[in-house]
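First the structure, in the form of structure tokens, and then the observations on it.
The values are calculated or read from the model by the stated rules, or taken from the named source; none is laboratory data. Quantities reported herein were computed from a predicted structural model and do not represent experimental measurements. Reconstructed Cβ throughout: ideal geometry from the backbone, glycine too, with neighbour counts over all protein chains shown. SASA here: full protein model, heavy atoms, side chains in, ligands and nucleic acids out. Shrake-Rupley method; radii C 1.70, N 1.55, O 1.52, S 1.80 Å.
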Amino acid sequence: MAHAYTPGLKVTTNIKLRKERRLPLKGDVIVKIGDKVSADDIVARTELPGDVETLNLAGKLGVMPNELKQFMKKNEGDPILKGEIIAESSGFFGLFKNQIESPIKGTIETVSDITGQLILRAPPTPVEIDAYMDGEVVDIIENEGVVIESKVTFVQGIFGIGGEAQGIIEPIVHNPKDVVEAAIINESHRGKVLIGGSYVTKEAIETAVKVGATGIVVGGIDDAVLKEFLGYEIGVAITGNEDKGITLIITEGFGKMNMSPAAFRLLTHHKGDHASINGATQIRAGVLRPEVIVPLEASTKTHKTKDYSKGVEEGETVRIIREPYFGIIGKVTELPPDLEVIETESRVRILKVKTEDGKILTIPRANVEIIEA
Amino acid sequence: MEKERELNRILATDCGSTTTKAILIEKKDGEYRLIVRGEAPTTVEAPFEDVTRGVLNSVREVEELTGRELLEGEKLIYPAKGNRGIDIYVSTSSAGGGLQMMVAGVVKEMTAESAARAALGAGAIVMDVIATNDRRRPHKRIELIRDLRPDMILLSGGIDGGTVSHVVELSETIKAADPKPRFGTGFELPVIFAGNVDAREAVKERLDKITALSIVDNLRPILERENLGPARDAIHDLFMEHVMAHAPGYKILMVWTDVPIMPTPGAVGALIQTIGEKQNINVMGVDIGGATTDIFSVFDGNFNRTVSANLGMSYSVSNVLTEAGMDNVLRWVPFSLDKNDLGNRVRNKMIRPTTVPMSLKELKLEQGIAREALRLALVQHKGMAVGLKGVQQERTISDAFEQTASGATLVNMMDLDLIVGSGGTLSHAPRRAQASLMLIDAFQPEGITRLAVDSIFMMPHLGVLSSVHEKAATEVFDKDCLIRLGTCIAPVGIAPLGKEALEIKMNGDVIKVNSGDMKLIPLDEGEKPRAVIKPSKYFDIGEGRGKEVEATLRGGVVGIIIDCRGRPLVLPTNDAERFERLNRWNKALSIYPDVKEE
């Protein structure tokens, strides 16, 4: 394969970012191209079909399914209120009527003359989507959603939990090596996106939830801490729907890992700024990484980002992403074209990395990622 | 199958979720051989959104590597003449997450299970099974169908002449869910009805207008018999017409291929089935991928396939740890490792799935995890590859001593003749002996079992080719696809450590192995000596305890592995003792390079 490397995570001072905001089902778009929107402005809405309730009507009335229709007081498609009579059997001489009431408000969807089942549908649930980040509507996806564009500072994490949220950026450590402990989190952190260093403890996450912090962005977390906090183990990396009262974004990986200096610098620089964050992660087809977005003034000049699609080059800064050197950052000094035999006896394409303390390491190309800046 | 036509050059591709692999096969001196393999990234997703780009790139790589001219612009050249052109082009596909189905049947253990087998056999991932006795409330079933958004639904239920109302109830559930396919909003979801003939009209009335309904023969016409063929064929047809046709670029690819595109696992299954039938053997194929592990088996002519959707070595590696538990993974690791460290390492592999082990310790850990993924996948396979449940069994007096309930597993490791491993962890293990031992530890074959791996993962290509040209497919499979590792001899039983377990007379030599030991006898590929294997009184090699067996053993790149650790294999719980044993076995089979562990 031509590109045997992992494309790195973006840590960008200012880029033009586009976000698609799509409804789960077709509906109405309520903004137009050129509109300036704030993160919490509603841009589209629709209605999800209501839940379904089944009722064994023939059984309840004590009649055969094919006789059911003659006892119906309401027909397919009719709206119905909770407690309203749906069907009624006449009983003896008009006495002892057996009346069946609707258990929900909604509509009668179907009456089956084979199974004797009645299907009722509850009223639809309205669904709205917001703009998620401040910006401008640059495209409309007819009946489905919009595309918002904005100049932003953009930092991607490697893994996260919890969905979209907004808050004010608040660094709570001084150094990317620092650990986030419960003692440094307090009531003033309500509504804030807390920027940490290398690690976060379980007690710190719990305290952050208690004081109402919006999110925590930190270099590493222990697998065991995450498991205790969530109450279950993460099996497959598809996250974003956790409802734990906070969005957690891990920038480097599992274990104690210093946040990359570039990400730490950038996030602390934006202290006090409004940010949109999302912990949703999906690592299979259609990769989705967690993110921190800080909208900038529209007049801010954007940097041209380097095209990393050609792969890693000499002189590039990379991070090693596999044991025994996980987390070490260095510069690529050599990219030998031929396959080489490594300690495992596998023949792989490698590169040489000079670490910050001057050591030269030979690493499979698959085990580094470019630090995109 | 059409009459096998004269083919001189065959092009086959497999469009996987990440890579499109092309192989070129040519007929030389009367036999079909693999010439070369080319690959390119799959281009189903943005920014390309056209599968044919990846196909063309992989074919261009084949052209470059062979000097053959196969394309004129973007068109395949027909027929093969000299260095130009091909005679046939076939393809498989698992791009876009493969074929994801839901199945429904009246009784979970009967028609619903048969429906699941039909879907799995056709190469689908079964997202969920709905049955009238699944203990879910009706609205929960409806929510499930709506939330999972399958590519297709297979509805079965009722033997012919049996229940109608339960089947209709299921169709009403589907109707109420008003399911929408994953791809192509605005299209109707394909639903196959393969249930009671008497329910056809009622099902049609309910589903015909809102879904793309196909009606085929009942997959369980009577309790005692499954008839999965028509449902499987319908799944393949609808996969092409409805699912693939909406994936980017497939409309064009479908025109290019000379036979319908098959789902990748369906093609592998077809090949395993052909091998079982042709060689009249019991065979098991396993493909351990990044996200899923598939197992295919043929026992006494019965074909079964299972897919363990969340057991894999990269995207799903975390789930292997979750399902197996840390202790089960660590029992294969010959050094101490803190559990928190293990958890972090595995989750780090999950979030950066393309990394490779670069130290020996990491390799040993990864191969330990692979053993657990394979073991769990086999447990699932054994649970699905079962005889029909609910069948009244006729018994004779002799059966009274060997009571087997209906629904017992068909997988009998003692009767298994061949295991074929596939997928990066097995096919690309640095030493072939590592692949052998992973298969042995995970599957614990019993008696005499041949082991092989797929050299470059071309079973999908050969599977779809076998549907049009069995000769070409089986010849290439035999000569170029299979790497014969050798034969495993594993007596069943448990004896005190150090007691004599087995004696083998072969090529004039007598080899003795004690209980608790493993031994490797190098024997080259192609060598087929006759051997007399005599187990001690504690062990059974197929004919009963202490009874000798005469058999032809097959060599391979590893050789003959004699595994006298006993069955079931039990590892010591004491760390030091376990490390000593694992290291001793690794040394006996020369599994890892001789590097001193810290």
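Looking at the stretch A:257-267, which of the residues that are buried (at least 17 other Cβ atoms within 10 Å of the Cβ) and not small (Gly, Ala, Ser) is nearest to residue A:194 (Cα to Cα)?
Filtering first and then ranking leaves A:267.
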- Note on the structure: Counting only residues that are in a strand (DSSP E or B), surrounded by 15 or more Cβ atoms within 10 Å (Cβ to Cβ) and away from chain B (no Cβ under 14 Å), the stretch A:322-353 contains a total of 3
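Residues that are more than 14 Å from chain B (Cβ to nearest Cβ) and within 22 Å of the chain's Cα centre (by Cα): find the strands (runs of 3 or more DSSP E) completely inside the stretch A:103-199 holding 2 or more of those. Please lay out each step first, then the result.
Numbers: elements: A:106-111, A:117-121, A:125-130, A:135-141, A:145-156, A:159-161, A:164-171, A:192-195.
Where strands (runs of 3 or more DSSP E) fall fully within the stretch A:103-199 and carry at least 2 residues being more than 14 Å from chain B (Cβ to nearest Cβ) and within 22 Å of the chain's Cα centre (by Cα), they are A:125-130, A:135-141, A:145-156, A:164-171, A:192-195.
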- Please work out which residue is most open to solvent (accessible area, probe 1.4 Å), limiting yourself to the stretch A:2-27 and to residues that are among the hydrophobic types (A, V, I, L, M, F, W, C) and either at pLDDT 65 or above or closer than 30 Å to residue B:187 by Cβ (or both). A:25
- Message: Give me the residue from the stretch A:209-224 that is touching a helix residue (DSSP H, G or I) at 6+ places or on another chain (Cβ under 7 Å) and crowded, with 20+ Cβ neighbours inside 10 Å and, out of that set, nearest to the other protein chains (Cβ to nearest Cβ).
- Response: A:223
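Of the residues A:284, A:289, A:265, only one is more than 30 Å from residue B:309 (Cβ to Cβ), at pLDDT below 95 and charged (D, E, K, R); which?
A:265
Considering only the stretch B:1-88, give the strands (runs of 3 or more DSSP E) lying wholly within it that have at least 2 residues that are open to solvent by 30 Å² or more (accessible area, probe 1.4 Å).
Working: elements: B:9-15, B:19-28, B:31-41.
Qualifying strands (runs of 3 or more DSSP E): B:19-28, B:31-41.
More than 20 Å from residue B:111 (Cβ to Cβ), surrounded by fewer than 16 Cβ atoms within 10 Å (Cβ to Cβ) and more than 10 Å from every other protein chain (Cβ to nearest Cβ): which single residue out of B:205, B:241, B:224 fits that description? Steps first, please.
On the way: B:205 fails: more than 10 Å from every other protein chain (Cβ to nearest Cβ); B:224 fails: more than 20 Å from residue B:111 (Cβ to Cβ).
Selected residue: B:241, the only one of B:205, B:241, B:224 that is more than 20 Å from residue B:111 (Cβ to Cβ), surrounded by fewer than 16 Cβ atoms within 10 Å (Cβ to Cβ) and more than 10 Å from every other protein chain (Cβ to nearest Cβ).
Kindly indicate whether residue B:172 is more than 10 Å from chain A (Cβ to nearest Cβ), crowded, with 21+ Cβ neighbours inside 10 Å and in a helix (DSSP H, G or I). Steps first, please.
Details: more than 10 Å from chain A (Cβ to nearest Cβ): no; crowded, with 21+ Cβ neighbours inside 10 Å: yes; in a helix (DSSP H, G or I): yes.
So residue B:172 fails the test.
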- What number of residues within the stretch A:227-256 satisfy the criterion of being within 11 Å of chain B (Cβ to nearest Cβ), open to solvent by 50 Å² or more (accessible area, probe 1.4 Å), modelled with pLDDT of 90 or more and touching a strand residue (DSSP E or B) at 6+ places or on another chain (Cβ under 8 Å)? 1
- Among the listed residues B:520, B:502, B:485, which satisfies the condition of being more than 31 Å from the chain's Cα centre (by Cα) and under 23 Å from residue B:590 (Cα atoms)? B:502
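Taking the stretch B:556-572 only, how many residues are part of a loop (DSSP other than H, G, I, E, B) and surrounded by fewer than 21 Cβ atoms within 10 Å (Cβ to Cβ)?
Looking only at the stretch B:556-572, we keep the residues that are part of a loop (DSSP other than H, G, I, E, B), and these are B:556-558, B:564-566, B:568-572.
Narrowing further to those that are surrounded by fewer than 21 Cβ atoms within 10 Å (Cβ to Cβ): B:557, B:566, B:568-572.
Residues in the stretch B:556-572 being part of a loop (DSSP other than H, G, I, E, B) and surrounded by fewer than 21 Cβ atoms within 10 Å (Cβ to Cβ): 7 in total.
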- Message: For the stretch B:270-312, give me the residue count where each residue is among the β-branched types (Val, Ile, Thr) and more than 12 Å from the chain's Cα centre (by Cα).
- Response: 3
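Do any helices (runs of 4 or more DSSP H) entirely within the stretch B:270-371 hold 1 or more residues that are of a type in the set (Gly, Ala, Ser), and if so, which? Show your work before the answer.
Details: elements: B:317-324, B:326-330, B:339-351.
Counting at least 1 such residues, we get B:317-324, B:339-351.
Taking strands (runs of 3 or more DSSP E) that do not extend beyond the stretch B:445-541, which have at least 1 residues that are basic (Lys, Arg), open to solvent by 10 Å² or more (accessible area, probe 1.4 Å) and in contact (Cβ under 8 Å) with a residue 60 or more places away in the chain? Show your work before the answer.
On the way: elements: B:447-454, B:482-490, B:500-506, B:509-514, B:518-521, B:530-535.
Counting at least 1 such residues, we get B:447-454, B:482-490, B:518-521.
Quick check, is residue B:161 open to solvent by less than 50 Å² (accessible area, probe 1.4 Å), in a loop (DSSP other than H, G, I, E, B) and either within 25 Å of residue B:410 (Cα to Cα) or more than 14 Å from every other protein chain (Cβ to nearest Cβ) (or both)? Before you say what the answer is, go through the steps one by one.
Working: open to solvent by less than 50 Å² (accessible area, probe 1.4 Å): no; in a loop (DSSP other than H, G, I, E, B): yes; either within 25 Å of residue B:410 (Cα to Cα) or more than 14 Å from every other protein chain (Cβ to nearest Cβ) (or both): yes.
No, not satisfied.
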- Which number in (1) out of contact with any helix residue (DSSP H, G or I) (no Cβ under 7 Å at 6 or more places or on another chain); (2) facing another protein chain (nearest Cβ under 9 Å) marks the one condition that residue A:276 misses? (2)
